[in-house]
1. Using θ = phi - 60° and the Karplus curve 6.51 cos²θ - 1.76 cosθ + 1.60, what whole-Hz ³J(HN,Hα) does each residue of segment 3-20 get, with Gly and Pro shown as x?
2. On the protein heavy atoms, probe 1.4 angstrom, tell me the percent of accessible surface of the chain carried by carbon and sulfur.
3. Once you order the gyration tensor axes a ≥ b ≥ c over the Cα atoms, which shape class does segment 46-86 get: rounded for a/c under 1.5, otherwise prolate or oblate by comparing a/b with b/c?
4. Place a +1 charge on the Cβ of each Lys and Arg in segment 2-86 and a -1 charge on the Cβ of each Asp and Glu, then give the dipole magnitude about the Cα centre in debye, rounded to the nearest 20.
5. Can you compute the helix-only [θ] at 222 nm over the chain? Use -39500 (n - 2.57) per DSSP H run of at least 4 residues, normalise by all residues, nearest 500 deg cm²/dmol.
6. Per residue of segment 51-59, in order, report the coupling 6.51 cos²θ - 1.76 cosθ + 1.60 (Karplus, θ = phi - 60°) as ³J(HN,Hα) in whole Hz, putting x for Gly and Pro.
7. Taking only protein heavy atoms into account and a 1.4 Å probe, give the accessible area per residue of the chain in Å².
8. Note down the net charge around residue 10, summing +1 for each Lys or Arg and -1 for each Asp or Glu among other residues with Cβ under 12 Å from its Cβ.
Amino acid sequence: PSETERELLRRLIEAHERADAAAALALMREDIRITMPPLPMCYDGLAMIMPLLQRGLTEPGEWRLLPIAANRMPAAASYLRAPGETEFKAFKIDVLRIEDGAVAEITTFGTGLFPAFDLPPVLTTPR
């Protein structure tokens, strides 16, 4: 990833960990698309994504993300500590496509890819 892409990823990670949906949305293009292969879900545009993001950043618990790269694209490995839990457990990998300095697309993959990235199933030293 380029320096611009790494900076955008860093800002998105910070917003995600703060559960700041408004800050995360500000980094996205109006026509952003989110997909979750192999599920047939596809979300297009900020208006559709906003309520999902607001719930997703707060309801499941607390998040910790690690910056990674996938296919030369910026990506983040997400770990979730659910309410009542003590550990941050592997949850998903988001691969970002950046266009014109904003997130144009997020492709979300499940935990099955964590071993391919040499990522642990549980974060032992969360920040």
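1. Values, residue by residue: 4, 4, 5, 5, 5, 5, 4, 4, 5, 5, 4, 4, 4, 4, 5, 7, 6, 9 Hz.
2. Working: 4030 of 7120 Å².
Reported share for carbon and sulfur atoms: 57 percent.
3. Numbers: a/c = 4.61, a/b = 1.18, b/c = 3.90.
Cα axes put segment 46-86 in the oblate bin.
4. Working: 10 positive and 12 negative charges, 31 e Å.
I would put it at about 140 debye.
5. Numbers: 3 runs with 33 residues, N = 127.
The per-residue figure over the chain is -8000 deg cm²/dmol.
6. x, 5, 5, 4, 6, x, 7, 10, 5
7. Values: 7120 Å² over 127 residues.
Ligands and nucleic acids excluded, the figure is 56 Å² per residue.
8. On the way: positive: 6, 11; negative: 3, 5, 7, 14, 17.
For residues surrounding residue 10, the net value is -3.
The values are calculated or read from the model by the stated rules, or taken from the named source; none is laboratory data. Here the structure is a predicted model, which means the values were calculated and not measured. FYI the Cβ positions are ideal-geometry reconstructions off the backbone, even for glycines, and counts take in every protein chain you see. Side chains are part of the model used for accessible areas, which takes the heavy atoms of the whole protein and leaves out ligands, DNA and RNA. Shrake-Rupley method; radii C 1.70, N 1.55, O 1.52, S 1.80 Å.
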